[in-house]
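Everything below concerns the one structure shown next.
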């Protein structure tokens with residue numbers, strides 16, 4: 001820090017309080033307010049992550065904490081004009097709060113003033129608490145593969161039911177144009193986008209995630225004392241609509257939201273022991289953090305999506321009630337007919353409420369083909385519901401697992417492989433992120449898989465060999481559960497990587513069905529691959545296949561897959577490939593896996609895995 005930046009007299013007069021300023025500029029809390037990060041190219045060794053010039057009051061404030069502190073104090077002393085919203089106290093209310101606490105001798109100069117824009121947005125006097133909200137992964141958009149986090153400012157005092165008008169702050173890449181998925185991933189990994197916080201009411205997220213994208217949300221309500229709560233709200237206002245550089249793997253929504261909460265001194269929730277920050281790892285650390293002598297998280301609220309609510313209600317019906325609901329949808333039964341009318345009132349409520357969920361779910365899934373108008377069946381069911389006596393259907397407790405209780409997102413496995421006639425070899429698997437169909441937990445799309453840089457190595461006689469590397473692999477499968485029209489079973493798979501001494505890109509389309517009561521999911525698929533580097537003239541293959549996944553409990557899962565491949569090229573031939581994999585979880589941190597495969601040769605692998 002250049003000492004010349006601190007003249008002998010600051011703010012026009014020397015005082016014991018002003019003598020603290022050089023130390024205050026070096027204070028970690030002040031540097032957090034300015035979002036300073038290490039930068040070897042800066043004279044101070046620091047540079048703010050924000051590159052919006054309006055965030056700074058000094059000419060070199062982006063790299064000089066002392067100059068920015070001096071300019072901030074000068075601006076705070078300036079008299080208020082007719083437009084208070086442009087005054088430094090209103091633009092930077094968190095800086096004012098922090099400085100007022102540390103410079104009590106200048107309390108009058110740092111006193112609060114009326115800030116109409118800030119008060120209209122945050123309603124700070126009415127914010128009861130702040131929540132970190134997680135929307136689970138959405139495989140239809142690369143920006144949301146790993147889930148998404150945002151902040152919610154709760155204005156309803158101690159209410160377990162959130163107000164749809166609560167304020168939220170959302171961090172993401174600022175996209176001028178809609179890039180294709182490949183371009184988005186490349187730019188997101190390399191810092192090709194600006195990022196920023198945007199304010200919006202909670203109802204927007206509820207509609208987008210819960211109704212349109214059918215994503216469950218988990219709300220972690222935080223127990224912040226009053227002074228910390230006010231500081232977080234004020235700092236949120238300061239960084240709103242300021243520009244950062246967005247990085248998909250680390251400086252992403254999870255990191256920036258956690259960074260904003262860490263403005264309250266003593267909160268440490270950013271997972272710093274890895275080069276990437278996953279929302280799930282953040283939530284696991286958040287749930288284990290204490291603040292001011294008690295758990296930071298006061299309660300966890302589950303906001304199921306429209307699809308989850310439908311499946312939840314449908315599962316609570318008896319077989320006869322499900323058949324009646326299907327008949328009403330197919331119009332072979334009437335919602336006001338004698339069969340439904342003969343049921344007890346509470347069971348009539350259960351069937352009709354399931355129908356209301358279904359019709360709204362079907363409308364969302366069918367937008368673009370049937371429009372957004374509610375079908376006649378919904379109107380009839382709603383009318384019938386109003387003719388019945390009031391009542392609420394008591395559903396069994398939700399079985400969804402909060403993301404903080406799932407296993408960590410990264411995986412390493414050590415094993416041994418046996419090949420008949422070829423002996424044994426050691427195996428190593430490293431998967432930085434995220435999950436497969438065998439170990440997906442409640443906060444991830446079921447029956448699907450998502451991984452990046454999944455690496456398989458073999459070690460034989462001291463020599464390591466790369467057997468397979470999945471740069472990017474995704475398996476998205478929506479399985480029909482209710483059997484009702486529109487609850488369709490479709491999916492797709494895509495993988496790019498290195499396998500069997502060649503680069504390969506694979507893609508498939510598929511259909512699936514979930515027998516939820518039995519814990520079985522079946523899938524049929526067709527597609528193929530393009531490849532290069534085999535040296536045998538084969539440039540790809542077409543394939544069809546089928547798989548069965550059994551997951552009756554959280555601890556045990558079994559997958560069987562069989563496919564037929566027609567190889568393409570000068571030495572074309574057909575092969576069949578069969579795989580069987582069993583997994584047994586040892587708590588949330590370890591598992592055992594047995595994998596058998598047969599194609600041109602047979603191979604059996606036993607491995608012990610650790611999640612971290």
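Key figures
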item: Residue 86 outside the structural domain of residue 165 (by TED's automatic domain parsing) and either within 30 Å of residue 202 (Cβ to Cβ) or in contact with a strand residue (DSSP E or B) (Cβ under 6 Å, 6 or more places away or on another chain) (or both); result: yes
item: Whichever residue in segment 338-363 is without any contact (Cβ under 8 Å) to a residue 12 or more places away in the chain and not in a loop (DSSP other than H, G, I, E, B) and, among such residues, is nearest to residue 384 (Cα to Cα); result: 341
item: Failed item, numbered, when residue 563 is tested on (1) surrounded by 14 or more Cβ atoms within 10 Å (Cβ to Cβ); (2) more than 18 Å from residue 527 (Cα to Cα); result: (2)
item: Any hit, segment 214-221, residues being in contact (Cβ under 8 Å) with a residue 24 or more places away in the chain, within 25 Å of residue 117 (Cα to Cα), out of contact with any strand residue (DSSP E or B) (no Cβ under 8 Å at 6 or more places or on another chain) and in a loop (DSSP other than H, G, I, E, B); result: no
item: Residue match in segment 45-52 (condition: under 30 Å from residue 494 (Cβ atoms), surrounded by 14 or more Cβ atoms within 10 Å (Cβ to Cβ) and within 35 Å of the chain's Cα centre (by Cα)); result: no
item: Residue within segment 294-313 that is outside the structural domain of residue 129 (by TED's automatic domain parsing), at pLDDT 95 or above, farther than 22 Å from residue 214 by Cα and surrounded by 19 or more Cβ atoms within 10 Å (Cβ to Cβ) present; result: no
item: Residue among 335, 277, 300 that is under 28 Å from residue 144 (Cα atoms), touching a helix residue (DSSP H, G or I) at 6+ places or on another chain (Cβ under 8 Å) and part of a loop (DSSP other than H, G, I, E, B); result: 277
item: Yes/no for residue 512 being assigned by TED's automatic domain parsing to the domain that holds residue 480, at pLDDT below 90, closer than 29 Å to residue 425 by Cβ and in contact with a strand residue (DSSP E or B) (Cβ under 6 Å, 6 or more places away or on another chain); result: no
item: Search result, residues across segment 162-184 that are surrounded by fewer than 18 Cβ atoms within 10 Å (Cβ to Cβ) and part of a strand (DSSP E or B); result: 174
item: Verdict on residue 377 being in contact (Cβ under 8 Å) with a residue 24 or more places away in the chain and surrounded by fewer than 20 Cβ atoms within 10 Å (Cβ to Cβ); result: yes
item: Candidates 134, 92, filtered to the one that is farther than 30 Å from residue 305 by Cβ and under 30 Å from the mean Cα position of the chain (by Cα); result: 92
item: Elements of type strands (runs of 3 or more DSSP E) contained in segment 420-475, each with 3 or more residues being modelled with pLDDT of 90 or more and in contact with a strand residue (DSSP E or B) (Cβ under 7 Å, 6 or more places away or on another chain); result: 423-431, 449-460
item: Residue match in segment 99-122 (condition: over 30 Å from residue 209 (Cβ atoms), in contact with a strand residue (DSSP E or B) (Cβ under 8 Å, 6 or more places away or on another chain) and not assigned by TED's automatic domain parsing to the domain that holds residue 295); result: no
item: Residue in segment 243-262 that is surrounded by fewer than 22 Cβ atoms within 10 Å (Cβ to Cβ), over 16 Å from the mean Cα position of the chain (by Cα) and at positive phi present; result: no
item: Selected residue [exposed (fewer than 15 other Cβ atoms within 10 Å of the Cβ) and closer than 20 Å to residue 545 by Cα] from 460, 490; result: 490
item: Selection within segment 170-189 - in contact (Cβ under 8 Å) with a residue 24 or more places away in the chain and under 19 Å from residue 276 (Cα atoms); result: 171, 172, 173, 184, 185, 188, 189
item: Matching residues in segment 321-332 - criterion: being touching a helix residue (DSSP H, G or I) at 6+ places or on another chain (Cβ under 9 Å) and not in a helix (DSSP H, G or I); result: 331, 332
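Residues are listed down the side, and each one gets a yes or a no for (1) assigned by TED's automatic domain parsing to the domain that holds residue 483; (2) in contact with a strand residue (DSSP E or B) (Cβ under 9 Å, 6 or more places away or on another chain); (3) part of a loop (DSSP other than H, G, I, E, B); (4) surrounded by 15 or more Cβ atoms within 10 Å (Cβ to Cβ):
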{"site": "517", "(1), (2), (3), (4)": "yes, no, yes, no"}
{"site": "521", "(1), (2), (3), (4)": "yes, yes, no, yes"}
{"site": "525", "(1), (2), (3), (4)": "yes, yes, no, yes"}
{"site": "528", "(1), (2), (3), (4)": "yes, yes, no, yes"}
{"site": "536", "(1), (2), (3), (4)": "yes, yes, yes, no"}
{"site": "542", "(1), (2), (3), (4)": "yes, yes, no, no"}
{"site": "547", "(1), (2), (3), (4)": "yes, yes, no, yes"}
{"site": "559", "(1), (2), (3), (4)": "yes, yes, no, yes"}
{"site": "568", "(1), (2), (3), (4)": "yes, yes, no, yes"}
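The values are calculated or read from the model by the stated rules, or taken from the named source; none is laboratory data. Owing to the predicted nature of the structure, the values given are computational and were not obtained by experimental measurement. Quick reminder, even Gly has a Cβ in these numbers, built from the backbone with ideal geometry, and neighbours come from all protein chains shown.
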